Every structure is written in structure tokens, then in C-alpha cells.
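Shown next, in C-alpha cells, is the structure this report addresses.
Where a number appears in this text, it was derived from the coordinates with a stated rule and is not lab data. Please read all numbers here as calculations on a predicted model, not as lab measurements. Neighbour counts run over all protein chains shown; Cβ positions are idealised from the backbone, glycine included.
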Amino acid sequence: MKRKLVFASNNEHKLAELRQIAGEQYDILSLNDIGCHDDIPETAPTIEGNAMMKAQWVKEHYGVDCFSDDTGLEIDALDGEPGVHSARYGGVAHDSERNIDKVLAKLDGVPHERRTAHFRTAVVLMMDGEVHTFEGRVEGHILTERHGEGGFGYDSIFRPDEGDGRTFAQMDAGEKNAISHRGRAVARLMQFLRAKV
């Protein structure tokens, strides 16, 4: 029987990615699945802090083992922005188009070689009374316009250095998860979980 593990999110894009990465070993539940409709605060100054806040909230209020993540796009020419503010960079939470528009506007005129950036994901696991943190990172460049229809967030303007010239939004889920920040962080999480079974 698969062990149930709560992912502290209702983001369908993230849940789909996580369930594919987790495979058959774990049954990944959403916050909706446990009846959590709380507006969980994400006010920490770092992505690790936000992931910790979400995991602690779920553990304290619902008493279940869980993990949470937070991700930031960190652009070198913008001194690490949007970083911890990635989801709300355009002024409205989770409005990807506005977020992308703001990034492109701020990078207007910046040459390709200076448009370096990376995605970073922190995953915090609270299980069996212990806390564990896992990180994933992928380097790349920010393009001058959107390419691709898939993915979410900033995927259509982020071209990973390890790929074949396509953006994350031009890759299928398997291709993206193989090299993505979240894929790497969750792979480390799953490696840890497999060792505990």
C-alpha cells in the first residue's frame, strides 16, 4: 500500500509535476484533499523560509506528515530579482503574464550574455518528527520574448543551459522534470524517502 504524503499546495501544475516525479511509491495529497483551505502565510524573506512556514502550518494545524516547496527565479542582471517574490512580482499573486511582462520590461535592452538566471527550489519535509530540506537548481538565460505553450510561471522565457535550446514551456513534462529545479529537489526528496522504506 502506498504511503500518503501531503504536499502543502493546491497548485494543479505543481501537483501534476510532483505526482509524475513521485511515481508509484507515494500517494501525493493536496491541501484540498485534507480539507485545508487556509490562506497559509508566505512572508519569510527567503524561499527556504517560505517552504518551512507552509510545512509547519500544515503539520501544526492538521497533524499530518507533509512537504512543501517554494521556488524563486533569480536573475543576475536584476540583482537576484524576482527571487522570493517570483509569484507576486507583477503585483498580483500567481499572475504569470504580468510577472513575465515585468521581467521583460526590466531586462529591455540587456544583451543575451547578461541575461543569465537560475531557478531555485527549496523543499521542506516534516515527517516522523524530523525536518529535512532539499534544494534543486538549474542555470539558464532569460529570452526577450515568450516561446512555447506548456509549463507555467516563467517557463516560456527561461531557456535552461543544459537543454537543446528550447524553453521549459517547449518541453514535455518528462523532459522538463529531468533537468528542472523542482525535479532535482524532489528527486533528492524521493531518494531520501526511498531509503526510509
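Would you be so kind as to identify which of Val64, Thr46, Phe192 lies farthest towards the positive end of the dipole of the chain, taking Lys and Arg as +1 and Asp and Glu as -1 on Cβ and the Cα centre as origin?
Farthest along the dipole direction, towards plus: Phe192.
Would you check the chain for Lys pairs whose C-alpha atoms are within less than 21 Å, ignoring same-chain pairs closer than 8 in sequence, and give me the count?
Here the count comes out as 11.
Can you work out the Karplus-derived ³J(HN,Hα) for every residue in region 97-114? Use 6.51 cos²θ - 1.76 cosθ + 1.60 with θ = phi - 60°, whole Hz, and x for glycine or proline.
Using θ = phi - 60°, the values come out as 5, 5, 4, 5, 4, 5, 4, 4, 5, 5, 9, 4, x, 7, x, 3, 5, 9 Hz.
Karplus couplings for region 177-189 from phi (6.51 cos²θ - 1.76 cosθ + 1.60, θ = phi - 60°), rounded to Hz, Gly and Pro as x?
For region 177-189, the Karplus curve yields 4, 5, 10, 6, 4, 5, x, 5, 5, 6, 4, 5, 4 Hz.
Skipping prolines and chain starts, which residues have an amide H placed within reach, meaning under 5 Å, of the one on Lys4, given they are 5 or more residues away or on another chain?
Asp27
Apply the a/c threshold of 1.5 to the C-alpha gyration tensor of region 1-77 and tell me whether it is rounded, prolate or oblate.
Numbers: a/c = 2.17, a/b = 1.31, b/c = 1.66.
It comes out oblate by the Cα gyration axes.
Take every Cα pair under 8 Å in the chain that's 6+ residues apart, average their separations, divide by the length, and report that relative contact order as a whole percent.
Relative contact order, the chain: 17 percent.
In degrees from 0 to 90, rounded to the nearest 10, what is the angle of the helix 12-22 Cα long axis to the longest principal axis of the chain?
The answer is roughly 60 degrees.
Quick one: length gained pulling Ala44 to Asp128 fully straight, 0.36 nm per residue minus the C-alpha distance? All intermediate terms of the calculation are to be shown ahead of the outcome.
Details: separation 84, 0.36 × 84 = 30.24 nm, distance 2.45 nm.
Fully extending the segment from Ala44 to Asp128 adds 27.8 nm.
What does the net charge come to around Gly163 if you take all other residues with beta carbon closer than 10 Å to its beta carbon, with K and R at +1 and D and E at -1? Kindly include the intermediate steps, with their values, before the conclusion.
Working: positive: Arg159, Arg166, Lys176; negative: Asp161, Glu162, Asp164, Glu175.
Combined, the nearby Lys, Arg, Asp and Glu give -1.
Which of the listed residues, Gly153, Ile179, Thr133, is farthest toward the dipole's positive end in region 88-194, when Lys, Arg count +1 and Asp, Glu count -1 at the beta-carbon?
Checking the options against the dipole of region 88-194, the answer is Thr133.
Explain nothing, just compute: Karplus ³J(HN,Hα) = 6.51 cos²θ - 1.76 cosθ + 1.60, θ = phi - 60°, for every residue of region 57-63 in order, whole Hz, x for Gly and Pro.
4, 5, 5, 6, 8, 10, x
Taking the Cα centre as origin and putting +1 on Lys and Arg beta-carbons and -1 on Asp and Glu beta-carbons, what dipole magnitude results for the chain, to the nearest 20 debye? Show your work: numbers first, answer last.
Numbers: 24 positive and 34 negative charges, 78 e Å.
In total the dipole reaches around 380 debye.
Among Val123, Gly90, Leu107, whose Cα projects farthest towards the positive end of the dipole of the chain, with charges put on the beta-carbon of Lys, Arg (+1) and Asp, Glu (-1)?
Farthest along the dipole direction, towards plus: Val123.
Report the Cα centroid-to-centroid distance between region 110-158 and region 15-56 in angstrom, as an integer.
17 Å
Once you sort the root eigenvalues of the Cα gyration tensor of region 103-152 as a ≥ b ≥ c, which label holds: rounded (a/c under 1.5), prolate (a/b larger than b/c) or oblate (the other case)? Don't skip to the end; give the middle numbers.
On the way: a/c = 3.87, a/b = 2.56, b/c = 1.51.
Note, shape of region 103-152 comes out prolate.
Rounded to the nearest 500 deg cm²/dmol, what is the calculated helix-only ellipticity per residue at 222 nm for the chain, with -39500 (n - 2.57) per DSSP H run of length n ≥ 4? Write out the running numbers ahead of the final one.
On the way: 5 runs with 61 residues, N = 197.
It comes out at -9500 deg cm²/dmol, rounded to the nearest 500.
Return the label of the correct value of Cα extents along the principal axes in Å, as calculated from the structure shown, out of [x] 108, 44, 25; [y] 79, 38, 27; [z] 52, 32, 24.
Computed from the coordinates, Cα extents along the principal axes in Å corresponds to [z].
Please say if region 68-124 is rounded, prolate or oblate, where rounded means a/c under 1.5 for a ≥ b ≥ c the square roots of the C-alpha gyration tensor eigenvalues, and otherwise the choice is prolate for a/b larger than b/c and oblate otherwise? Spell out each step's value before the answer.
Details: a/c = 2.86, a/b = 1.34, b/c = 2.14.
Because a/c hits 1.5 or more and a/b fails to exceed b/c, region 68-124 counts as oblate.
Below 8 Å between Cα atoms, with a sequence gap of 6+, how large is the relative contact order for region 17-117 in percent?
Working: 97 pairs, mean separation 16.3, N = 101.
About 16 percent, as a whole number.
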